[in-house]
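The values are calculated or read from the model by the stated rules, or taken from the named source; none is laboratory data. A quick note: this is a predicted structure, and the numbers were derived from the prediction, not measured. Here the Cβ is made from the backbone with ideal geometry for all residues, glycine too, and neighbour counts use every protein chain on show. To get the accessible areas, we keep the full protein, side chains included, count just its heavy atoms, and leave off ligands, DNA and RNA. Shrake-Rupley method; radii C 1.70, N 1.55, O 1.52, S 1.80 Å.
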Amino acid sequence: MFSLNEKVALVTGGSRGIGRAICETLAAQGAHVVVNYVRGEAAAREVVLAIEARGGTAEIAGFDVSDMKVAEESVAAIAKKHGRLDILVANAGVAVDGLLLRVKEDDLDQLFAINVKGSLGCARAAIKTMMRAKCGRVIFLSSVVAEMGNAGQVGYAASKAALLGVTKTLAREYASRGITVNAVAPGFIETDMTAAIAEPARVELQKAIPLGRIGTTAEVAAAVAFLASDEAAYITGQTLRVNGGMYV
């Protein structure tokens with residue numbers, strides 16, 4: 001089950017954290033994975049080497065999703081190179097925290113340029129290719145805070161909530177072409193960001209999670225792999241929550 005053999009997958013922001021786990025998981029299921037990065041070329045190459053060491057195939061693709069034109073052109077070039085693009089995982093994102101009365105306009109511009117416009121630019125180019133194939137999977141990475149909110153993350157929550165509306169809308173627009181569009185909304189996951197949380201705050205955070213622990217990147221990647229598979233062909237417009245019960 002969940003075989004992705006002969007599929008080509010692009011994962012934006014794939015050089016570290018959740019993105020890296022997604023790249024490695026999709027490759028383990030048989031997909032050829034294109035690992036996108038902006039500045040972390042060395043880290044992206046490490047992901048490729050890790051995938052190849054396990055018998056998979058992958059390559060890197062450096063481009064900045066915050067430039068919508070560049071994102072579209074880059075995704076189109078990847079599709080042309082391989083003659084197909086079966087899976088797009090729009091994972092690239094940034095978090096800039098701040099209360100509404102303190103958040104800067106530049107921060108909001110950055111959040112929406114990367115988290116929303118970047119995802120839309122990649123999706124637009126990918127969907128053009130998928131429409132010709134009459135099949136495809138588009139998966140957006142949202143967040144638990146998009147649905148439950150979180151003090152001090154008004155801009156981030158707004159950008160991730162926007163992706164939920166995008167998911168529902170694109171699912172309706174392209175279902176007739178055999179393309180499914182879904183979102184994965186992780187809760188608190190073990191990444192570089194959560195590793196920096198002080199232990200007292202970490203303990204309190206875990207108390208708010210019914211399963212009593214912070215999730216792993218592998219658990220998020222598994223959800224993405226399922227939505228990318230043929231077994232998920234009748235699922236579209238949905239948000240798969242990977243949050244330990246923090247928001248239900």
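If each of A53 and R177 carries a label point 7 Å out from its Cα toward its Cβ, how far apart are those two points in nm?
Computed distance between label sites A53 and R177 equals 3.9 nm.
With the crude spin-label approximation of a point 7 Å out along Cα→Cβ, what separation in nm comes out for A201 versus E6?
Placing both labels 7 Å along Cα→Cβ, they lie 5.0 nm apart.
Using alpha carbon centroids, what distance separates segment 13-31 and segment 127-146, in Å?
Using only Cα atoms, the two centres lie 16 Å from each other.
Between N150 and T194, what is the label-point separation in nm under the 7 Å Cα-to-beta-carbon projection?
About 0.9 nm separates the two model spin labels.
What full-extension length gain, to one decimal in nm, is calculated for E46 and R124 as 0.36 nm per residue of separation minus the Cα-Cα distance?
The E46-R124 span can extend by a further 25.2 nm.
Can you send over the solvent-accessible area of T217, 1.4 Å probe, protein chains only, in Å² to the nearest 10?
30 Å²
Please report the relative contact order for segment 82-203, taking Cα pairs under 8 Å with a sequence separation of at least 6, and give it as a percent rounded to a whole number.
Across segment 82-203, relative contact order equals 30 percent.
With an 8 Å cut-off on Cα pairs and a minimum separation of 6 or more residues, tell me the relative contact order of the chain in percent.
Numbers: 516 pairs, mean separation 50.0, N = 248.
Reported as a whole number, the value is 20 percent.
As a check on your grasp of the helix formula, calculate [θ] at 222 nm for the chain: sum -39500 (n - 2.57) over DSSP H runs of n ≥ 4, divide by the residue count, round to the nearest 500.
Numbers: 10 runs with 114 residues, N = 248.
It comes out at -14000 deg cm²/dmol, rounded to the nearest 500.
Here are several values of Cα Rg over 2.2 N^0.38 Å: (i) 0.96; (ii) 1.85; (iii) 1.28. Which one was derived from the coordinates shown?
Here Cα Rg over 2.2 N^0.38 Å agrees with entry (i).
K128: which aspartates and glutamates have alpha carbons under 16 Å from its alpha carbon, excluding same-chain residues fewer than 8 sequence positions away?
E72, E73, D86, E173
So how much slack lies between R102 and R39, counting 0.36 nm per residue of separation and subtracting their Cα-Cα distance, in nm?
Residue separation times 0.36 nm, minus the Cα-Cα distance, leaves 19.8 nm.
Treating the beta-carbon of each Lys and Arg as +1 and of each Asp and Glu as -1, no other charges, what is the dipole magnitude of segment 25-137 about its Cα centre, to the nearest 20 debye?
It works out to roughly 620 debye.
Only loop residues by DSSP count here, and only those with at most 11 other Cβ atoms within 10 Å; note down the trypsin sites (Lys or Arg not before Pro) in segment 3-88 that meet that.
Filter output for segment 3-88: R39, R54.
How big is the antiparallel share of DSSP beta bridges in segment 10-155, given as a percent to the nearest 5?
Values: 0 of 15 bridges.
If we restrict to bridges inside segment 10-155, about 0 percent are antiparallel.
Can you pick out the pairs among K7/K168; K168/K207; K80/K160; K104/K160; K134/K168 whose Cα atoms lie more than 26 Å from each other?
From the list (K7/K168; K168/K207; K80/K160; K104/K160; K134/K168), the Cα-Cα distance tops 26 Å for K168/K207; K80/K160.
Applying the Karplus parametrisation 6.51 cos²θ - 1.76 cosθ + 1.60 with θ = phi - 60° to the phi angles of segment 126-133, what ³J(HN,Hα) value in whole Hz is obtained for each residue in order, glycine and proline being reported as x?
Result, rounded to whole Hz: 5, 5, 4, 5, 5, 4, 5, 7.
Under the rule a/c < 1.5 gives rounded, and otherwise a/b versus b/c splits prolate from oblate, where does segment 32-138 land using the Cα gyration tensor?
oblate
How about segment 87-192: which trypsin sites (Lys or Arg not before Pro) there are in a DSSP loop, with at most 13 other Cβ atoms within 10 Å of their Cβ?
R102, K104, K134
Would you mind calculating the relative contact order of segment 53-141 from Cα pairs under 8 angstrom and at least 6 residues apart, reporting the percent as a whole number?
Averaging sequence separation for qualifying contacts and normalising by length gives 44 percent for segment 53-141.
Determine, from the Cβ-Cβ distance of R213 and K134 and an R0 of 30 Å, the FRET efficiency 1/(1 + (r/R0)^6), rounded to the nearest 0.05.
0.10
Just how far, in whole angstrom, is segment 68-98 from segment 173-248 if you go by their alpha carbon centroids?
20 Å
Accessible area, 1.4 Å probe, largest first: how do C23, C135 sort?
Putting C23, C135 in descending order of accessible area: C135, C23.
Of V11, V103, which has the most accessible area and how do the rest follow, probe 1.4 Å?
The ranking, largest first, comes out as V103, V11.
Towards the positive end of the charge dipole of the chain, with charges on Cβ (+1 Lys, Arg; -1 Asp, Glu), say which of G245, A225, I197 has the farthest Cα.
Most positive-ward Cα: A225.
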